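Peer 1: Supplied in structure tokens, the structure appears directly below.
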Amino acid sequence: MSSSRPLGIKKASSAYLKLISAALVTMSISVQSANAQKSSITLENALKRTLSNNPDLVVFEFKSSALDGESKMASLRPEMSVGVEVENVLGTGEVSGIKDAELTLTLSSVIELGDKVSGRMNVVSSKKAQLLTQRRIRTLDILGETTRRYINVIVQQALHKTEQRAEMLARTMLQTVSTRVEAGASSPLEKKRAESALSQARLSLVISEQKLNEYKRDLAIMWGDTNAAFAEVEGTLLSFPNSLSLEHMLSQLQSNPHVLLYADNYRVQEARLRVVQASQQFDIAWEAGIRRMQGIDDTALVASISVPLNTKQRNLGEYHG
């Protein structure tokens, strides 16, 4: 009697531990199921997040701001300058002291010919159109990559569910075989095979889950997150959009941003060529002012203009550039 009590206590304790383990497994599965239902994401949401937070697209905002500054600089006219000139001061003899001093106050600037301001503004406008097309191309590339990664997650989700069903089937098979072995209807070797199949199914399930998490993380990186804040993605691979007609695709080809980029590049080069051609037209530097002659106690106006020579020869390097 005394030897049977420890054995009974051991069996009760073993059964109690199994019950606790089963309860913990059930609670873990419930928590995982609740987390899986907590958040999901659609392709539309993924694309919106990418457009709002992708760092490759944020760069274009800084480039656009730089072009705005370049536009302001291109629209500037030549500045006005004020000058003061003093002559015949602190000399010797008749020009000693300031009795014969001459004081000249001048205002000077440059008159740009050849519509140079308009040419510079056209260059900046062409660059803005080019930047807009480059942004469209980069946006399409990024959205295409986001869609590709989204599809990878959908495919891996389906494969992961298949692995879960395979693991569940292997577990059920092990229970069935164990029952048959205990009843003597099957050999213990069949149980070993079932245990091996269950281990293989569990290993495949772990690998599948790791790959799914990796694909989720790759998708979240598209909008700047290092970890996926969603449990699953919504969508199916068995729904196909309606096919487009050939006429519609040809019409869309004309507005393809890759084709438009060639045109924008040509316009930028053409605008720069016009600026080079305008620089062949000389600018007129002028100066005007008033002069006070202390020696004769008189005042007079002064004016001058100057133009450069051989301006066509000086910008040959810009043509070659």
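Peer 1: Only one of these conditions is not met by residue 226: (1) within 30 Å of residue 209 (Cα to Cα); (2) surrounded by 10 or more Cβ atoms within 10 Å (Cβ to Cβ); (3) among the β-branched types (Val, Ile, Thr). Which number is it?
Peer 2: (2)
Peer 1: Let me ask another. Looking only at the range 42-76, how many residues end up being surrounded by 11 or more Cβ atoms within 10 Å (Cβ to Cβ) and not in a helix (DSSP H, G or I)?
Peer 2: Total meeting the criteria: 3.
Peer 1: Could you pull out the residue among 102, 145 that is out of contact with any strand residue (DSSP E or B) (no Cβ under 8 Å at 6 or more places or on another chain) and in contact (Cβ under 8 Å) with a residue 40 or more places away in the chain?
Peer 2: On the way: 102 fails: out of contact with any strand residue (DSSP E or B) (no Cβ under 8 Å at 6 or more places or on another chain).
Unique residue meeting the criteria: 145.
Peer 1: Show the residue pairs meeting these rules: Cβ distance below 6 Å; 6+ apart or different chains; first residue within the range 284-299 and under 18 Å from residue 98 (Cβ atoms); second residue among the polar types (S, T, N, Q).
Peer 2: 291/104; 292/299
Peer 1: Now for a separate question. Do any residues in the range 200-221 that are charged (D, E, K, R) have Cβ atoms under 6 Å from those of residues that are not in a helix (DSSP H, G or I), where the two are at least six apart or on different chains, and which pairs are they?
Peer 2: The qualifying pairs are 216/228; 217/228.
Peer 1: Can you report the number of residues in the range 111-169 which are of a type in the set (Ser, Thr, Tyr) and within 24 Å of residue 265 (Cα to Cα)? Steps first, please.
Peer 2: Applying the first criterion (of a type in the set (Ser, Thr, Tyr)) to the range 111-169 yields 118, 125-126, 133, 139, 146-147, 150, 162.
Right, trim to within 24 Å of residue 265 (Cα to Cα) and you get 118, 125-126, 133, 139.
Number satisfying all stated conditions: 5.
A short reminder: the numbers here are calculations on the coordinates, not readings from a lab. Bear in mind that the values here come from a model prediction, so they are computed numbers and not experimental data. Note: ideal-geometry Cβ built from the backbone for every residue, glycine included; neighbour counts use all protein chains shown.
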